[in-house]
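The values are calculated or read from the model by the stated rules, or taken from the named source; none is laboratory data. Quantities reported herein were computed from a predicted structural model and do not represent experimental measurements. Here the Cβ positions follow ideal geometry from the backbone for every residue, glycine too, while neighbour counts run over all protein chains shown. We work out accessible area using only protein heavy atoms, side chains counted, and drop any ligands, DNA or RNA first. Shrake-Rupley method; radii C 1.70, N 1.55, O 1.52, S 1.80 Å.
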Amino acid sequence: MEDVSKEWVAVPRHYNAVTDFIDRNLAEGRADKPAFIDPHQTLTYGGLNERAARFGSALVGLGVHREQRIALVMFDTVAMPVAFWGALKAGIVPVPVNTLLAADQYRYILQDCRAVCLVVSAGLLDVLSPILDDLPDLRHVIVADGDGWRDDPKFEDLLAQSDPGFETVATIADETAFWLYSSGSTGMPKGVRHRHASLIQTADLFGKRVLGMHEDDVIYSAAKIFFAYGLGNAMSFPMAVGATTLLLPGRPTPDAVIDLMKTRQPSLFFGVPTLYTALLAHPALGSGAGSDALRLCVSAGEALPQDVGERWKARVGCDIVDGIGSTEMLHIFVSNRPDAITYGASGSPVPGYAARIVDDDGRDLGVDEIGELLVRGPSAGDGYWNQRAKSAATFAGEWTHTGDKYRQGADGLYYYCGRTDDMFKVSGNWVSPFDVESALMTHSAVLEAAVVGHPDGDGLLKPKAFVVLNDGFAADEALFTALKDHVKAASGPWKYPRWIEIRDALPKTATGKIQRFKLREAAE
Ligand code: 3UK
């Protein structure tokens, strides 16, 4: 097999990612250029440099040590890159966390990563404050875009009090720079440790070489920075070339997206398939999705249905590049190319990455044979935190197991064929059937539940629940609404079952495992 490592960016052993992503922009004369624009503030590269230094020094001042974790539960505003890069500058490890989680999930993640400091957007305090006293390692809560928490100064005041000349800590290229949590089909989310050297690999190999991202681009990513997908699109890729990113702290509804496209005229747009579908259903969607400067769109998170890509191209006049990435690999590793798009396919390996499709015994498969996709590349994570068995199974030496079923067509392209487990994505967010089932079963009406992904009218999967009721409960609309609301509150707003079917019993294996595949077939 071809040696892809010659494509990798050479990174010196003593290396802090801040040098490539912040310092280089100043050295190349972009101190006054906007790096990030949110609805309230513009942050230039010079401003980011100063504020990241201040935040790094502030963390040290609060007694946070190198290699300790700080959790970032933040909306996409200019404070997010300041917190992320400020931590890296100090050799402290930021852990961006999904802003859509429920209190129990925050408790688990913050305990698991032993965050000593939490940086949180004021709007998220209602969800987080009830669990803050359950975190023995947590010493400081810094509130961004709002008032302070107990004795801690708020983000802005903390920055004002600290040292703008704070020097970048000399880290090692292979040192852990940040973590991202990845959800699995069983058990709780796992912290993936990523290295300082990985960010420049994804920015160069995918951002520059595949997307051709350059200094004059204006980027808008509907996927938020707390996702690996958004972290690259909206933060590391634009910073690697000195481009400008537009940030939207709120939900990327079709109205909000079209409004931003019109008022800010981005040249690159990043979304997930559900959003492209929702935009296509919007009467106001027209040429360039509102932006005359739009040159390219990107989709990831789940497979982009062929017809969504084709309808988008016809209506918006711009292609969508579909590529598959993962939290474990940091960003996209198999992708279409802007000048070679096949809707319905994931494309071919990104420069610097190699892919294989193997059977259960690890043997390479031939054309059109379906097996698991393995990938090799320079941005693979260093493993899951405190999960030796799962790390060994996924990060198998040079090759990373994706958990995805793929086939390689006679055209050489890779075609997505589903997951090797029962997991599926809704609007780019993972749904673990087990999670939704557990949430349903905490409702007094529910005896048992099984959840599968079921295609909606656009061919995108949504949760469908099969429920066995406890005696004395009637299957009526009021109950269905109550169950949906219950899941939204207990597990996450995107996870509620769009369809509920009442059953007398669920199909099970001899060992009592729910046979979801039977329900999936029954639902088709
Ligand atoms: C699925 C896709 C088909 C696939 C991600 C871009 O989604 C990202 O990371 P996650 O860890 O999920 C990874 C899994 O999602 N998937 C992603 N993209 C596609 N399936 N076609 C696609 N284009 O199951 C994969 O294993 O949440 C996406 C960049 C960085 C990312 N982390």
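One table, with the values for the structure above:
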quantity: Cα-projected label distance for ALA281 with THR420, points at 7 Å along beta-carbon direction, nm; calculated: 3.4
quantity: Estimated 222 nm signal from helices in the chain, with DSSP H stretches of n ≥ 4 weighted -39500 (n - 2.57), rounded to 500; calculated: -7000 deg cm²/dmol
quantity: Cα-based shape type of the range 430-523, given that a ≥ b ≥ c are square roots of the gyration tensor eigenvalues and the cut on a/c is 1.5; calculated: rounded
quantity: Share, in percent, of DSSP beta bridges within the range 430-523 that are antiparallel, nearest 5; calculated: 70
quantity: Within-13-Å neighbourhood charge of PHE237 [Cβ basis; K, R +1; D, E -1]; calculated: -2
quantity: For the range 122-184: rounded, prolate or oblate by the Cα gyration tensor [a/c cutoff 1.5]; calculated: oblate
quantity: Two-site FRET efficiency, ASP137 against THR442, from Cβ-Cβ distance with R₀ of 30 Å, rounded to 0.05; calculated: 0.60
quantity: Computed FRET value (nearest 0.05) for PHE480 with ALA340, which takes r as the C-beta separation and R₀ as 51 Å; calculated: 0.65
quantity: Diffusion constant of the range 82-171 at 20 °C, which comes from Stokes-Einstein with the Kirkwood Cα-pair radius and 1.002 mPa s, µm²/s; calculated: 154
quantity: Net charge of neighbours whose Cβ lies under 11 Å from the Cβ of VAL367, counting Lys and Arg as +1 and Asp and Glu as -1; calculated: -2
quantity: Value of Rg to Rh for the chain (Rh from inverse mean 1/r over Cα pairs, i.e. Kirkwood); calculated: 0.96
quantity: Extension gain from ARG311 to ASP411, taking 0.36 nm per residue of separation minus the Cα-Cα distance; calculated: 33.7 nm
quantity: Which listed pairs, of LYS190/LYS484; LYS190/LYS405; LYS224/LYS488; LYS190/LYS313, have C-alpha distances above 31 Å, in listed order; calculated: LYS190/LYS313
quantity: Cleavage-rule hits, GluC sites (Glu not before Pro), the range 1-53, DSSP coil, Cβ neighbours within 10 Å at most 16; calculated: GLU2, GLU28
quantity: Surface accessible to a 1.4 Å probe, per residue, for the residues of the chain, Å²; calculated: 39
quantity: Proximal lysines relative to LYS508, as straight alpha-carbon distance under 22 Å, when same-chain residues fewer than 8 apart are discounted; calculated: LYS464, LYS518
quantity: Pairs from LYS33/LYS208; LYS6/LYS425; LYS89/LYS495 whose Cα-Cα separation, in the structure shown, is over 27 Å; calculated: LYS6/LYS425; LYS89/LYS495
quantity: DSSP bridge pairs, the chain: antiparallel proportion in percent, nearest 5; calculated: 60
quantity: Within the accessible area of the chain (1.4 Å probe), percent carbon and sulfur; calculated: 49
quantity: Förster-model FRET efficiency, 25 Å R0, ASP360 and GLU2, C-beta, rounded to 0.05; calculated: 0.50
